1. Using only the Cα atoms of chain B, what semi-axes does the equivalent ellipsoid have when each is the square root of 5 times a gyration tensor eigenvalue? Give whole Å, largest first.
2. Express as a percent, rounded to the nearest 5, the fraction of DSSP beta bridges in the protein assembly as shown (both residues included) that run antiparallel.
3. So what is the diffusion coefficient of the protein assembly as shown in µm² per second by Stokes-Einstein at 10 °C and 1.306 mPa s, using a Kirkwood Rh over Cα pairs?
4. Within a 10 angstrom radius of the beta carbon, how do C:H85, D:H296, C:H68 rank from fewest other beta carbons to most?
5. Kindly express, to the nearest 10 degrees and within the range 0 to 90, the angle between helix D:244-256's C-alpha long axis and the longest C-alpha principal axis of chain D.
6. For Cα pairs less than 8 Å apart in space and 6+ apart in sequence, what is the mean separation divided by the residue count of region A:89-165, i.e. the relative contact order in percent?
7. Regarding region C:172-286, what whole-number volume in Å³ per residue does the convex hull of its Cα atoms give?
8. Considering the dipole of chain D built from charges on the beta carbon (Lys and Arg +1, Asp and Glu -1) around the Cα centre, which of D:L353, D:G60, D:F141 is farthest to its positive end?
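No value in this document is a laboratory result; all are computed from the given coordinates. Quantities reported herein were computed from a predicted structural model and do not represent experimental measurements. Note that each Cβ is placed from the backbone with ideal geometry, even for glycine, and that neighbours are counted across all protein chains shown.
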Amino acid sequence: MLDVKDVSLSFAGNQVLNGVDFSVQSGEVLGLIGPNGAGKTSIMNVITGIHRPKEGGVRFGDTSISRLPPHQIASMGLRRTFQTSLLCNGLSVVENVMLGLEPQNSYNIWSALVAGKTARAWENEARERSMEMLEWMGMARFADRPGQSLSFGQQRLVEISRAMVSHPDVLLLDEPAVGLTAPRVEELAEKIKSIRDNFGTSILLIEHVMQLVLSACDRVVVMATGTVIADGPPEEVTRDPAVIESYLGRGYYVES
Amino acid sequence: MLSVLLTSGIANGLLYGLIALGVVVLSKAANAVNFSQGDLMAVGGFVSYSVISAAGLGPAAAIVAVLVVSVVAGIASFLILRPLMKTEHVMSLLIATIGLSFLVKGLIRLIWGGQGDYLAVPPLVQGPPLILFGGNVIIPLQYLVMMAGAAVIILLFAAFFRFTRLGLFMRSVADNPRAAQIVGIPTQLVLCSAMVLSITVTAIAGFLLAPATLIFPDMGFALFLKGFAAAIIGGINSLPGAIVGGILLGVCEVMVSGYVSSSAQELSAFVLIFVALIFFPRGIFGARKTRSV
Amino acid sequence: MPEKIMKHAKGWLNSPVLPILIAVLVGAFGLTLNPYTLFLLTRIVIFVMLIVGLNIMLGYSGQFTFAHAALFGVGAYTTGLLQVHLGLPFVPSIMFAVVLVTAAGTLLALPALRISGIHLAIATLAVAQAVTWVLVNWTDVTFGAGGFRAPSLRMFGMDKTQTIFVVSLVLTTAVYLLVRQLLTTSFGRRFIAIRDNQVAAAANGVHVTRVKAQAFAISAAIAGLSGGLYSSLLGFVAPESFNLEQMILMKIMVVVGGIGTMLGSVIGPIVVLTLQEWLRDSEGWLEIIFGGMLVAFVLFLPRGLAPLILNAITGKFRSQSVDDAPQTGQSLNAAPSENRKDEEAV
Amino acid sequence: MARPRNQERLIINKKFAFLAGLFLSTLMPTVGSAQAPGVTEDTIKIGTYGPITGPYFAFGRLTMNGMEALFADVNEAGGINGRQIELVRVDDQCDPAGAISAVRRLIFNEEVFAIVGGSCSNGVLAAKEDIVESGIPYINFAAASNKISAPKEDNIFTSMLTSNLESALQAQYLADVGATSVAVVAQHDAWGRDRHETLIPALEEKGIEVVADEELSMESNDATAQVLRIQSAQPDAVVLLSYPKPASIFLRDSARLGFSSTFIGTSVIPDPVAFYEQVAVPGATDNFVTISPSRHPVDSEEAAEWREKLVSAFPDDTPHSYNLYGITAGELTVAALEAAGEDLTRESFIAALDQVNALETTFGPGTLDCSTHQCLQSAAWIKRNSDGVAEVVGTSELD
């Protein structure tokens, strides 16, 4: 589905990624974990076209996407959320979600200026689909509120709705559980699994909260200092001595 | 002809460089741009006019007066702009300083407006120009004073940033404001001193410039724009870059004027600003700064 | 029950009826005025159009430019010069001016693709100064710094001020309604999205480059149109009508009215131009008052007068602490949030 | 007799008048009266406009000050045919839109009898159509563009030396001193352009070659390149078409680079002594001679009386040559008002202006003759002499 092949990236002489290699299979939830500075967000930025890799490439289905601009990658059906919630403050919740449908939007400016038939039809449809998505997420009652007035976790759900409204093939989530309490994390894990089950979307999940990783992911890739150090089912990976050494810490296995 | 043009370009460029220093100090410590800087430079010129021409005192008194006025103006600007001196308010700050620029210009006109259209400040030193290399290089004494003043200010700056605690604080606030705050650096004090320092150096530039030109309330903005361009060319966060950028701009202007056409002189500065911003936004000495998303 | 009334009122506010009604009333009132007062009113009407366009750039899509006065000027010059040099009538001249300024504005979007914020502000400022330089130095075509007499439009047996007043009022109302409509669609959402967060917008499939170019183009087209009208109102086109001072005046209008609001684009020019006229004999206080006003608005009323007025109209009193405090995030680039929907009314 | 010194009150009143005017006066029909607009039994309302504030205030405010001082004198002496002159000032900030609005305000809201004002050529040109259409008598007191008063309009007069006359007089002077090649340094704003456009043909007409044509902007602090270029062209004389600031920079750099020539100034540098102080380099202005629409410099013996009056009426403003141009305009206005007689109408005032043909004024270099509506046809040449005093070295009129 999504193949990351030998990706290297450096900033100002600083090697951030060094031959990263993994792939997301169709319909799976893949966790990507690792210590801070391991290059997790960087790899996500490479996949979504924000950074261009120095070497290697990313294939999405049969096409190479590592030279495409972000908006084009998004319109191919590959969406993401960000570590810090990036809702647009000037837009209401439902409008934020409607933004997720932009690539499908085809009406021209003249139609928009005079509220022509195509524009109205598209707007209505987009609003309907966005409301459906919000309802599915349980966020419909906030539809007309400004994004900022929501809590952190709620904003995250809106952001996921925005990424999911176009029913993409791949969803990339960058630390969605940051700042959530344990019961909320459990809810989020359920949500993520049901997204996969309902929409058939493959999910790449970057996360530090192991509770979420363990309960949501089918498989886990572990990164450290710009390379992949382990790849496998969660139970297996968390027992890997290299992973415990570099990321989880010696006490981890005993605790869980 | 070339050598004469070069000297005058360098002398003018040093002046741009001084204004650029003010731009850089503020940008380095507070990540801000102050549009009223040029007008405060004009204030420096007018204060030295009042002290030297009107009150008949010497240049030393003028320096003291300019320093006092610029420190007061700096603290006042800081107090007014304090709520906006955060990275996320950069554009609001810019607009507010445009307002300040209007305000300062209006005040200049109110105070000095009736005293004539263009005011002259007598030269700090009298005497024939310095003639070097058999007349190939002619440097008026005022330019020498300007160069010396610029050199002193640059040295003071370098020492300040290298050896004083406040200078160190400023550098760290510029690098990472949040971290600086956490480790207990008095951020507000640093921002305030950056503002004061920026305005002081600009006002001193005004004091140095005043005898070399005629002063009028609207003189500030064009000079600020040139100073800003110099700062960009040199790399917005580099102190030596500001001076080098200023000299480059000054030389470029005078060369275009001398060898192309004097009517293209003004245009050359704008073209240089534009090209520098678009193609070399980090400037010559600019530190590489990865852009945060 | 009150909510239902509110909703009803909102719907009515959002329909084109109210602006048209206001425009008709202003038109009827304007035609009774003497040439002096009508001149002031027409100037306000033309500036409302200009500021509606400028607000798309500054307020909605967050592109901080200084070149708008220059674009306004190119519109005025093109309209006037085509009539003077080629003897074209007013209508084709102004149409060509709109096309030319739109093209120029779109070109101006190119630097905006590479730089933003203060750098963009200064780069566009340099462009604006360069345009002024061309207007002053290309004497064969532009008549240089001394300006030139532009023909005034006369129609329907009205005098020149009345004609340009009626034409400007009609066009301004049309531009206002069209832009208001545009901003409620995808186009408006995309502008706001690139203002609030370019990266997030791109990650959701918004073509940032294209949207920026669109914002610049639409904004420039409006500047060209209003510039053409202004040339006819003044009957005299000279570089100083479009210099940096004028640009700053425009910024003051945007900030005072309310950045990123439609109502603000109307209120700003009314307040600023009336004040300017009123302070004509204030012997030097104008600069101080305008400067102080700009600082005060940015500090204490970053969203301008529009939200205040809307609250007064709708009688909605929100808790001050939540709503009127500067928002976290870029207060000017991104302030209006809850009120945005309401502000599209009127 | 009260001098119009209560300016503050006047301003407040005007503000109310403005608001009232904006909302009321236009709705009310003007009360018909036998008197001409702006004229009552005992007052004549004269309007003036120009930059009172902003960068160009000197051309407006100071000229107005001179005129106001003169009117105060006339009022003190009993006025004109028993009528006191009231002066209404409006600031146009040297901006075309501001000038249109100022002129319309004077005509339609203040309803003045005549306008004596205008300092920025572009502003006056923008407002010209309104002035012509309304038929109000207008005397331009400080704007220099020839296009204001030529071609001749019935109601437009000028008491300022127009740019084409000034250029012609400069060319004539240069021909008289035997110059065959000349360099021009101009600032390229509206004012400088206007001079440039008239000077070049005037020089050509006299057979004088323009060997260098340089630009020096208001913002420049350095004229090295310009001086070097002109120096290498070796002109007999240099004409400085610029404000005092660029001109003084040019002369300083000339002195520094050892370039000397005959330097000719324009009427914006009418006072060579003040200019000498601005240049502030000993000897730099030794070969500088300037043209002035005023016979005596402002700090001369002859102007002492007026200096005193100006300082006491306008303590915030330093006396300036522009005050004197205002006095000339005021004297022309007063003379024509007196000649128009008891039964004052706009028509009779215009007719009286038309008949002015040999009016002696305090500061005019020659007599005023309004037959072409460009009333001032002469200029004085002024130089700073070796004693440091401004000295009139001659007056010239067009042949």
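1. Values: eigenvalues 178, 110, 65 Å².
Semi-axes (√(5λ), whole Å): 30, 23, 18.
2. On the way: 41 of 90 bridges.
Looking only at bridges with both residues in the protein assembly as shown, the antiparallel portion is about 45 percent.
3. Numbers: Rh = 33.5 Å.
The diffusion coefficient I find is 47 µm²/s.
4. Details: C:H85 12, D:H296 21, C:H68 28.
Lowest to highest Cβ neighbour count: C:H85, D:H296, C:H68.
5. 10 degrees
6. Values: 79 pairs, mean separation 38.9, N = 77.
It rounds to 51 percent for region A:89-165.
7. Details: hull volume 15.0 nm³, N = 115.
Residue-normalised Cα hull volume stands at 130 Å³.
8. Checking the options against the dipole of chain D, the answer is D:G60.
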